[in-house]
Amino acid sequence: MKQEERREQTIRLLLEATKSLVREKGCSSLTLKDIMERSGLSKGAIFHYVKSKDELFAWVLLERLEETNNRFMSEVGRQGGEFEGPMGSIASRLNSLEESDDVTNKVFVYLLGKEEEPAVAEALNQFYERSVQLSRSWITAGQQHGVIPAAVDAEHTAELFVLISFGLRVRSSFSIVSGHFNAAQFVQFITGLLKPTN
């Protein structure tokens, strides 16, 4: 096995072990020892890739973003100028923003509680910037294919979408709150802003 393949396999193993343990134990009580036992990797092997449990949590957030991006790009390539397919690839993931047991929501809220730690603050900044960057690229791709009007301000609209999605993630941790604005309405809102009216 080539070194790059081994690296990808190890990272995948770390991420799967971490996500599984977050589902079972939550973020606070999860330890590096738990990850070592679940993944079968030594402490040294884990620290070869990450410096801390929190950095591994940041990878969980970024992994979800990259998965959504890959699905979107695949749909753009397949559809060739339609709005619904690529938008559907994004919309299908938005329901998870409201799920209190969603791993990425648990990790996001946990990391927000530790945002005063420099490494965590940096990881959250990277997640925010990557979220805005990908959202902007999705809008730009739609504009290039003629399915999103050129008049849509990709920068501001992308940031608005990220802010709303972050808010939905945080609200998912409130057990007694039932919001009137939900993921389905978020999809309608996005569609209303981006889809040209004929």
- Compute the FRET efficiency between Thr191 and Lys25 as 1/(1 + (r/R0)^6), taking r as their Cβ-Cβ distance and R0 = 41 Å, and round to the nearest 0.05. 0.60
- Taking a probe of 1.4 Å, how large is the accessible area per residue of the chain, in Å²? 55
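How many percent of the accessible area of the chain is carbon or sulfur, using a 1.4 Å probe?
52
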- Item | Distance violations [Cα-Cα > 18 Å] among Lys19/Lys53; Lys51/Lys106; Lys33/Lys53; Lys2/Lys33; Lys33/Lys106; Lys43/Lys114 | Lys51/Lys106; Lys2/Lys33; Lys33/Lys106; Lys43/Lys114
- Can you pull the accessible area of Arg23 for me, 1.4 Å probe, Å² to the nearest 10? 140
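How high is the FRET efficiency from Thr140 to Glu37, r the C-beta distance, R0 35 Å, rounded to 0.05?
Computed FRET efficiency for Thr140 and Glu37: 0.20.
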- Task: Report the extension gain between Asn95 and Ala184 in nm, rounded to one decimal, defined as 0.36 nm multiplied by the number of residues separating them, less their alpha carbon distance.
- Result: 31.3 nm
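With a 1.4 Å probe and all protein chains kept in place, how do Phe174, Phe189, Phe108 rank by accessible area, largest first?
Descending accessible area places them as Phe174, Phe189, Phe108.
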- Please turn the phi angles of region 39-53 into ³J(HN,Hα) values with the Karplus equation 6.51 cos²θ - 1.76 cosθ + 1.60 (θ = phi - 60°), one per residue in order, whole Hz, x for glycine and proline. 8, x, 9, 6, 4, x, 5, 5, 5, 5, 9, 9, 8, 7, 4
- Would you kindly state how much longer the chain becomes between Arg71 and Asn125 on full extension, computed as 0.36 nm times their sequence separation minus their alpha carbon distance, in nm to one decimal? 17.1 nm
- Task: Pick out, from Phe189, Leu111, Leu168, the residue whose Cα sits farthest towards the positive end of the charge dipole of region 75-198, with +1 on the Cβ of Lys and Arg and -1 on the Cβ of Asp and Glu.
- Result: Phe189
- Message: I'd like the distance separating the alpha-carbon centroids of region 123-198 and region 18-83, in whole Å.
- Response: 22
- Summing -39500 (n - 2.57) over every DSSP H run of at least 4 in the chain, dividing by its residue total and rounding to the nearest 500, the 222 nm mean residue ellipticity is -24000 deg cm²/dmol
- Message: Using the crude model of +1 on Lys and Arg Cβ and -1 on Asp and Glu Cβ, and no other charge, please compute the dipole size for region 34-87 relative to its Cα centre, in debye to 20.
- Response: 260
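The values are calculated or read from the model by the stated rules, or taken from the named source; none is laboratory data. Here the structure is a predicted model, which means the values were calculated and not measured. No Cβ is skipped: glycine too gets one built from the backbone with ideal geometry, and neighbour counts run over all protein chains shown. Heads up: the accessible areas ignore ligands, DNA and RNA and are worked out on the full protein's heavy atoms, side chains in. Shrake-Rupley method; radii C 1.70, N 1.55, O 1.52, S 1.80 Å.
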